[in-house]
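Worksheet: the structure to be examined is printed underneath.
The values are calculated or read from the model by the stated rules, or taken from the named source; none is laboratory data. Predicted model, so just to flag it, every value in this text is computed and none were measured. Quick reminder, even Gly has a Cβ in these numbers, built from the backbone with ideal geometry, and neighbours come from all protein chains shown.
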Amino acid sequence: MNHEVIRLSHISKKFKDEPVLKDLNASLAEGEILGFLGPSGAGKTTTIKILTGQLKPTSGDAYILGINSGHIDETIYEQIGIVTDSSGIYEYLTVWQNLEYFAKILKVSKERIHEVLHQVGLYEHRKKPAGKLSKGQTQRLVLARAVLHRPKVLFLDEPTSGLDPSTALEIHKMLFQLRNEGMAIFLTTHNMEEAAKMCDHVALLNEGVIVEYGTPNEICLKHNKVKKYTLQLSSGKTYTLEQTDENIKKISQWMADDVIETLHSCEPTLESVFLEMTGRELS
Amino acid sequence: MTIHMNKVAAIAQVKTKAFMGKNCIIMPLFAIGFTFIMRLLYHNMDMGSDAPMEMLDAYVLSMGLVMNLSMTGVYCPCLLLAEEKEKNTLRVLMTSSVNGLEFFLGSILPVFVISVIINFLLMPISGFMITGSSLAVFSAVSILSSLTSCIIGMLLGIFAKNQVSAGTLITPVALILMLIPMFADMIDELSNVSRFLFTGILMDMVSDISKNADKIIKPESIAILIAEVVVSIVLFIFFYRKNGFEKD
């Protein structure tokens, strides 16, 4: 079993008297991706801030790499990387200088800067001022900076928000590679497709409460109460049928008649589960 | 809180680059330009035979020094800190294993050094050269004054959310530090305040040097200068502990 690197234990957070997080429990092991999935304002960023010691919980305990996040000092940041929704890059420095700055702070070799720049596909742009990068390139630079020191835990707050699909795909590939290297990744997103594709476990977060927690497949199967099938017949007609005795006979007959062109089962998606549980859409 | 010199040096290096940006570099250039123009003006004005040119040059130097301390020393650290907050780079740094003391030292060091260099550079520009033992006293006072102004700048920076609010916060402070000593000779009440300001003490000292006074600085002025460094550090620590570098 992989070593646990993050644990949220009965975490609650209030801003003034407004509850933002209510009794959160979750954990993340090395080599895994945990997705916090929820709409804007659900408490995803607050959870990251608590885990990284930027905010203190009102009650409960958050542990990162075995240390209570309320008692961490700056040395913990040598083992974690954070990608926030706002880039925080030095626009007047070049791509290389941005990474070199953090390499000096984190005592990382220049060879590693070369390696990371190749990994994120920004090596050709290394002499470009960071302020002149496109949004996708900026996000890749931010990711490069976050993984420069080979952290044990990587926090990603909406890493592909506003990116075009091909750039998002490249970032997904990188994240898979990092996970396979043993990095634990804590990902927040409101993109259910991204969560379903990327995450080993997801927590569906609504108004500060985890309404569902598990692997994407487990969650979808758990809510697959009414089994349905979508069929397209040779005639061009499409049907969505619930699994009843009558419909099974009908489908069997169509199969015998060889008139079915396509046949798919209709499991719920994370989006539909979230909608069913909260009455809210994710995006 | 430990200090890692690699981090301080890295921050200082980037802060120096940031200082060279148009928003900050204009401040020392302004002090230099102002001193140069004032010198030209005084030299081209008919001041009468009673006004020794040396004293006028000394006045020009003291005006330039006060301007440098207020504009470079106070304005630049505050602006650079506000810029870090505005661009969210401060949060990134603070979550990259940099502690508050390292950030403070790395931020203040380049501005402090530049401010001190400009203080000395203003001597040939104003035409008033301080030599001998007076130079040693001038150096000490100039260094203490630059240090105080930089710490005040960082202190103001805690309360500045962005570069615009930094300007709003700095303006009254810079005006107090500049205008009170400048008009202290004309208004007695201002003179009483000026002798408690590091800018006022510096101006008086340069004036006394030009008059070849026996004592170019009073012991109580030295005590005030040291007290101001200490008070500004204490205030900075107090507000840093209360708010961090970001007052939400």
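Which residue, of A:138, A:160, A:188, is hydroxyl-bearing (Ser, Thr, Tyr) and farther than 17 Å from residue A:44 by Cβ?
A:138
Out of curiosity, is residue B:96 assigned to a loop (DSSP other than H, G, I, E, B) and free of Cβ contacts under 8 Å to residues at least 24 places away in the same chain?
Against the criterion (assigned to a loop (DSSP other than H, G, I, E, B) and free of Cβ contacts under 8 Å to residues at least 24 places away in the same chain), residue B:96 qualifies.
What's the total number of residues in the stretch A:87-115 that are more than 30 Å from residue B:82 (Cβ to Cβ) and either in a helix (DSSP H, G or I) or within 12 Å of another protein chain (Cβ to nearest Cβ) (or both)?
Residues flagged as more than 30 Å from residue B:82 (Cβ to Cβ) and either in a helix (DSSP H, G or I) or within 12 Å of another protein chain (Cβ to nearest Cβ) (or both) within the stretch A:87-115 amount to 5.
Mind checking which residues of the stretch A:250-273 are hydrophobic (A, V, I, L, M, F, W, C) and either surrounded by fewer than 14 Cβ atoms within 10 Å (Cβ to Cβ) or over 30 Å from residue A:206 (Cα atoms) (or both)?
If the condition is that a residue be hydrophobic (A, V, I, L, M, F, W, C) and either surrounded by fewer than 14 Cβ atoms within 10 Å (Cβ to Cβ) or over 30 Å from residue A:206 (Cα atoms) (or both), then A:251, A:254, A:255, A:256, A:259, A:260, A:263 are the ones that fit.
If you scan the stretch A:7-29, which residues turn out to be touching a residue at least 40 places away in the same chain (Cβ under 8 Å) and under 15 Å from the mean Cα position of the chain (by Cα)?
Once the filter is applied, which keeps residues that are touching a residue at least 40 places away in the same chain (Cβ under 8 Å) and under 15 Å from the mean Cα position of the chain (by Cα), the stretch A:7-29 yields A:26, A:28, A:29.
Specify which of the listed residues (A:72, A:67, A:48) is of a type in the set (Val, Ile, Thr) and either within 27 Å of residue B:13 (Cα to Cα) or touching a residue at least 40 places away in the same chain (Cβ under 8 Å) (or both).
A:48
Name the single residue, out of those in the stretch A:69-86 being at the interface with chain B (Cβ under 8 Å from one of its Cβ atoms) and among the acidic types (Asp, Glu), that is nearest to residue A:129 (Cα to Cα).
The residue in question is A:78.
Show me the helices (runs of 4 or more DSSP H) found entirely inside the stretch B:116-206 where at least 1 residues are within 28 Å of residue B:85 (Cα to Cα).
Helices (runs of 4 or more DSSP H) meeting the threshold: B:132-159, B:163-183.
Being on the phi > 0 side of the Ramachandran plot and of a type in the set (Lys, Arg) narrows it down to one of A:22, A:16, so name that one.
A:16
Within the stretch A:50-68, how many residues turn out to be in a loop (DSSP other than H, G, I, E, B) and within 13 Å of another protein chain (Cβ to nearest Cβ)?
Here the count works out to 5.
Can you go through A:76, A:72, A:50 and tell me which one is of a type in the set (Val, Ile, Thr) and closer than 26 Å to residue A:215 by Cβ?
Of the residues listed, the single one that is of a type in the set (Val, Ile, Thr) and closer than 26 Å to residue A:215 by Cβ is A:50.
Looking at this structure, is residue B:80 within 13 Å of another protein chain (Cβ to nearest Cβ) and either in a helix (DSSP H, G or I) or at pLDDT below 95 (or both)?
Answer is yes for this residue.
Can you pull out the residues in the stretch B:83-95 that are within 7 Å of chain A (Cβ to nearest Cβ), more than 26 Å from the chain's Cα centre (by Cα) and under 22 Å from residue B:21 (Cβ atoms)?
Within the stretch B:83-95, B:88, B:91, B:92 qualify.
Tally the residues that are farther than 17 Å from residue B:90 by Cβ and at pLDDT 95 or above, restricting the search to the stretch B:143-167.
10
Does residue B:71 satisfy the condition of being at pLDDT below 95, away from chain A (no Cβ under 14 Å) and crowded, with 23+ Cβ neighbours inside 10 Å?
Judged against the criteria, residue B:71 is a match.
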